[in-house]
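Trainee: Here it is, the structure, as structure tokens.
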Amino acid sequence: GAVVSQHPSRVICKSGTSVKIECRSLDFQATTMFWYRQFPKKSLMLMATSNEGSKATYEQGVEKDKFLINHASLTLSTLTVTSAHPEDSSFYICSAQAGGEKLFFGSGTQLSVL
Amino acid sequence: RKEVEQDPGPFNVPEGATVAFNCTYSNSASQSFFWYRQDCRKEPKLLMSVYSSGNEDGRFTAQLNRASQYISLLIRDSKLSDSATYLCVVTVNTGKLIFGQGTTLQVKP
């Protein structure tokens with residue numbers, strides 16, 4: 001089946017640093033990728049929709065300058081958390097859509113900002 | 001009001017029990033419906049799609065009631081391995097998936 005690879009799986013960083021998370025579709029071309037954030041015991045919240053070759057569409061309340069998304073190719077999207085703060089600590093998950101509605105999820109990244 | 005609402009639980013049931021989860025959604029224009037399963041700190045995995053006619057996959061039965069904007073998941077003969085969080089998911093006409101908070105199931109021996 002289709003596979004989406006997400007790295008790193010876990011990152012611990014100091015407050016003020018930037019963290020980049022990669023999401024790759026390994027055996028299919030993903031025209032659309034989604035980035036979600038999940039706080040403990042809460043649902044996945046869509047942060048942004050990333051379309052190859054165009055600017056990402058951010059959900060209401062998500063700062064585009066803080067969460068930089070780049071979808072440079074049909075197999076790679078990156079999320080950069082800039083100037084991370086402790087309140088950004090969360091579980092970030094990407095998903096990729098090849099066509100139609102079926103989504104394939106990455107394994108998630110647990111970000112801890114000290 | 002949340003777009004997709006679920007009782008977070010937890011539901012604690014013994015092995016072999018039958019358990020049912022419910023979900024309501026607010027957008028009458030919602031197009032597709034799914035149940036996902038998520039284990040702790042793992043990615044969600046598609047359990048099954050949900051259709052108005054109802055669909056069954058082994059011990060799992062899903063049902064959609066469009067008039068009431070209500071989705072259900074029934075698990076029969078619960079196994080220990082069924083312990084997880086079950087996410088109700090709805091798509092809207094933009095193609096976005098909207099996730100419910102999830103319902104936690106704990107199956108006890």
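The values are calculated or read from the model by the stated rules, or taken from the named source; none is laboratory data. Fair warning: this is a prediction, and the values are worked out from it, not measured in the lab. Every residue, glycine among them, receives a Cβ derived from its backbone with ideal geometry; neighbour counts consider all protein chains shown. Accessible surface is based on the protein model in full, side chains and every heavy atom, while ligands, DNA and RNA are left aside. Shrake-Rupley method; radii C 1.70, N 1.55, O 1.52, S 1.80 Å.
Trainee: For the stretch B:1-32, what are the residues that are among the polar types (S, T, N, Q) and open to solvent by 60 Å² or more (accessible area, probe 1.4 Å)?
Mentor: Scanning the stretch B:1-32 gives B:12, B:18, B:22, B:28, B:31.
Trainee: Let me ask something else about it. Does residue A:103 satisfy being within 11 Å of chain B (Cβ to nearest Cβ) and either open to solvent by less than 20 Å² (accessible area, probe 1.4 Å) or of a type in the set (A, V, I, L, M, F, W, C) (or both)?
Mentor: So residue A:103 fits the description; yes.
Trainee: Can I ask one more? Mind checking which residues of the stretch A:21-55 are outside any strand (DSSP E or B), facing chain B (nearest Cβ under 8 Å) and either among the charged types (D, E, K, R) or more than 17 Å from residue B:2 (Cβ to Cβ) (or both)?
Mentor: Correct list: A:41, A:42.
Trainee: Could you please tell me which pairs satisfy a Cβ distance under 7 Å, a separation of 6+ or placement on different chains, a first residue in the stretch B:90-109 that is within 7 Å of chain A (Cβ to nearest Cβ), and a second residue that is at pLDDT 90 or above and open to solvent by 30 Å² or more (accessible area, probe 1.4 Å)?
Mentor: Sorted first by the residue in the stretch B:90-109, then by its partner, the pairs are B:100/B:5; B:102/B:85.
Trainee: What pairs come up if the first residue lies in the stretch A:1-20 and is over 17 Å from residue A:76 (Cβ atoms) and outside any loop (DSSP other than H, G, I, E, B), the second is open to solvent by 30 Å² or more (accessible area, probe 1.4 Å) and aliphatic (A, V, I, L, M), and their beta carbons are under 6 Å apart, counting only those six or more places apart or on different chains?
Mentor: Every condition considered, no pair remains.
Trainee: Would you please list the contacts, defined by Cβ atoms under 6 Å and residues six or more apart or on different chains, that run from a residue in the stretch A:27-38 that is under 14 Å from residue A:79 (Cα atoms) to a residue that is aromatic (Phe, Trp, Tyr) and open to solvent by 20 Å² or more (accessible area, probe 1.4 Å)?
Mentor: Listed by first residue and then by second, the contacts come to nothing, as the list is empty.
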